[in-house]
1. Within the range 288-295, is there a residue that is modelled with pLDDT under 90 and part of a strand (DSSP E or B)?
2. Among the residues of the range 401-418, are any farther than 28 Å from residue 477 by Cβ, surrounded by 20 or more Cβ atoms within 10 Å (Cβ to Cβ) and at pLDDT below 90?
3. Residues in the range 445-469 that are at pLDDT 95 or above and out of contact with any helix residue (DSSP H, G or I) (no Cβ under 9 Å at 6 or more places or on another chain): how many?
4. Does the range 46-59 contain any residue that is modelled with pLDDT of 95 or more, closer than 28 Å to residue 133 by Cα and surrounded by 12 or more Cβ atoms within 10 Å (Cβ to Cβ)?
5. Checking the conditions here, which among 320, 336, 342 is under 20 Å from the mean Cα position of the chain (by Cα), under 26 Å from residue 161 (Cα atoms) and modelled with pLDDT under 75?
6. With in contact with a helix residue (DSSP H, G or I) (Cβ under 7 Å, 6 or more places away or on another chain) and assigned to a strand (DSSP E or B) as the only criterion, which of 428, 358, 402 stands out?
């Protein structure tokens, strides 16, 4: 048995493992005194003083008892002009389901169709355009329903995201590079398989984000992002329009080169691999009127003699630089490639075309001259991108021990932010807290009006890991929140502004 000496009341005492364990616990507690959270040390008085949003919560509405959606699928929802809420979801059988809600009652549940084909993109988007006509894209399917009518499938879907500018309906999607004549690049796969070196390569055209406008015979391409670059665009992108006629984009681009090692050792076989390509997060902004001016030029060659014109506009984006508030020693670790998914963590403001975003910070120190974040507080911060540059300051949205002692804000892959037509931001984040036997997880709603964030309002509990969710907001400020619970059920709830 190990024996140690401990100084007690000035005398050396020989003792055994039980006292050693007690001493260890006391020393551990003492060492954590200096590691108290920022909230615990009173360093976030402005965040702690925030008030709950002035809203009224409706009751929980069970939308689906069990859906078990695919790991990559998302929910999409909207509030139509008649005040009905609509949820669209893809279940594990690749069925596209629609649920319609009025008040606290489910009016209808119906299956629109089943996705087919390889390499399905399981993202969902929905819109009402024009008034009374609902549309949804889900993977490789598109459906539309006129007011009071039945759903009809629109064949040949390529759209991934809807967007409106004025009275026009646009959609964005990833186009095959060969179809639009983008440049070729060479992707490499390099590695070791046991003792054999492997080198493979392929020449591919770079895939691009395109913007298309609805026409009588389908969708007509109006713009292509970065058509001259050799990097391919990902399907993870954020797009939005403002009331001043600008379109803003935030998107990823990369190659597809990879490295790997496979081998055997004393303990058996194993290996690893990873992406070896350059990756960028890029920003682009364009006036909507430019789309039409380019179309006019393309059909009037005299306007640009000697040039080969395309019927679509080339939109050039630029890579985002490092965040100005990340301390220098953390810049490399705080790589932009770890931020995502962009389509749920960033939203375009309808008032200024800025992008508001959410970033979870872990083991990085931040300092913008107003706020300083320690590496162990693991906060969610609210950042802003304006005209292709990070704004110099950030807001602290959450931090450890806020709003109460023991609260933690996890790296929530379902985190969601959405801007409404009045420029307000709505957020859903998961708060966790350790109970006597297990951690509890609660869905929390935040509202930002002007420059002021609210305190978190608990809207749901019994959550699963990385609970899927969606937010629908109408022009009056009504919100319909949807999330997945621990039992793979889908719950909805109205969040209504106080009158």
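The values are calculated or read from the model by the stated rules, or taken from the named source; none is laboratory data. Nothing here was measured: the structure is a model prediction, and the numbers come from that model. Cβ atoms come from the backbone with ideal geometry, glycine included; neighbour counts cover every protein chain shown.
1. Residues of the range 288-295 modelled with pLDDT under 90: 288-295.
When the remaining residues are screened for being part of a strand (DSSP E or B), the result is none.
No; the residues of the range 288-295 include none that is modelled with pLDDT under 90 and part of a strand (DSSP E or B).
2. So far as the range 401-418 goes, no, none of its residues is farther than 28 Å from residue 477 by Cβ, surrounded by 20 or more Cβ atoms within 10 Å (Cβ to Cβ) and at pLDDT below 90.
3. Going through the range 445-469 one residue at a time, the tally reaches 9.
4. The answer is yes; a qualifying residue exists.
5. Numbers: 320 fails: modelled with pLDDT under 75; 342 fails: modelled with pLDDT under 75.
None of the other options fit; the residue is 336.
6. Details: 428 fails: in contact with a helix residue (DSSP H, G or I) (Cβ under 7 Å, 6 or more places away or on another chain); 402 fails: assigned to a strand (DSSP E or B).
Answer to the check: 358.
Okay, residues lined up against (1) within 16 Å of residue 491 (Cβ to Cβ); (2) surrounded by 12 or more Cβ atoms within 10 Å (Cβ to Cβ); (3) at pLDDT 95 or above; (4) touching a helix residue (DSSP H, G or I) at 6+ places or on another chain (Cβ under 8 Å):
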{"position": "80", "(1), (2), (3), (4)": "no, yes, yes, no"}
{"position": "94", "(1), (2), (3), (4)": "no, yes, no, no"}
{"position": "99", "(1), (2), (3), (4)": "yes, yes, yes, no"}
{"position": "102", "(1), (2), (3), (4)": "no, yes, yes, no"}
{"position": "106", "(1), (2), (3), (4)": "yes, yes, yes, no"}
{"position": "109", "(1), (2), (3), (4)": "yes, yes, no, no"}
{"position": "116", "(1), (2), (3), (4)": "no, no, no, no"}
{"position": "119", "(1), (2), (3), (4)": "no, no, no, no"}
{"position": "124", "(1), (2), (3), (4)": "no, yes, no, no"}
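The rows are residues; the columns are (1) out of contact with any helix residue (DSSP H, G or I) (no Cβ under 6 Å at 6 or more places or on another chain); (2) closer than 20 Å to residue 325 by Cβ; (3) in a loop (DSSP other than H, G, I, E, B).
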position	(1), (2), (3)
370	yes, yes, yes
397	yes, yes, no
413	yes, no, yes
418	yes, no, no
432	yes, no, no
440	yes, no, no
